[in-house]
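Undergrad: I'd like to ask some things about the structure below.
The values are calculated or read from the model by the stated rules, or taken from the named source; none is laboratory data. On a predicted model such as this, the values are computed, not experimentally measured, just so you know. Each accessible area value is taken on the protein alone, full model and side chains, heavy atoms only, with ligands, DNA and RNA left out. Shrake-Rupley method; radii C 1.70, N 1.55, O 1.52, S 1.80 Å.
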Amino acid sequence: VNFNSITVCITTCLDSSVVDKLSAGITDYAIKITALQVSEKEHQDVAHLLQVVSDMERICDYCENISECAEAMRERKLEFSEIATEEIKQMMDVCVESYLYAKEAFFEKSSEKAVKVIEKETLADDLEVRLRNKHIKRLANNQCNAETGIFYLDTLVSMERISDHARNIAEEVLEQMG
């Protein structure tokens, strides 16, 4: 699994410090806007934007976690089994789709795409539980390395949380659309 492609596919986060600075800048600007005389609707729009910015920042943080797992595995010369690699790819596909739909829902103000995000996130939740259980059985049967297993679970959880934040974005879109 090319974990660096996860980062690229999910978001264009080049560096978490850059994302953190952009997030802080957007937040500061949004707060200044709310200090002006704005309508209640504009105030709510800013609140929705701030929540989306927060979710985007968290998505970037989880991408960084995945990247750090991949780097640590590379340094230790560890690899996932063929089964684990396929499972991670399966989870990645669901989570990337969830994020991409969330991004489209936000920029296009699309309730249809927001609903697709919620469907994908539910699928990601179910998949995470199923894959975690399968992995624990492999560990119990000595079919995989415990050290690699920790990276597998960390990666799996990070991807599931990416889908959680994508859902948060979708819910903001739906709420904003009323």
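Undergrad: Counting heavy atoms of the protein chains only and a 1.4 Å probe, report the per residue accessible area for the stretch 139-178 as a whole number of Å².
TA: With all protein chains present, the stretch 139-178 gives 48 Å² per residue.
Undergrad: Using a Cα-Cα cut-off of under 19 Å, which lysines could be cross-linked to K109, ignoring same-chain neighbours fewer than 8 residues away?
TA: Excluding near neighbours in sequence, the set is K41, K120.
Undergrad: Got a number for carbon plus sulfur as a percent of the stretch 58-170's accessible area, 1.4 Å probe?
TA: Carbon with sulfur: 49 percent of the solvent-accessible area.
Undergrad: In addition: Could you give me the ³J(HN,Hα) list for the stretch 103-116, computed from phi with Karplus coefficients 6.51, -1.76, 1.60 and θ = phi - 60°, whole Hz, x at Gly and Pro?
TA: With coefficients 6.51, -1.76 and 1.60, one gets 4, 5, 4, 5, 6, 9, 6, 9, 5, 4, 6, 5, 5, 4 Hz.
Undergrad: Same structure, new question: Counting only the heavy atoms of the protein chains, how much of M159 is accessible to a 1.4 Å probe, in Å² to the nearest 10?
TA: It works out to around 0 Å².
Undergrad: Determine the per residue accessible area of the stretch 82-123 with all protein chains present and a 1.4 angstrom probe, expressed in square angstrom.
TA: 52
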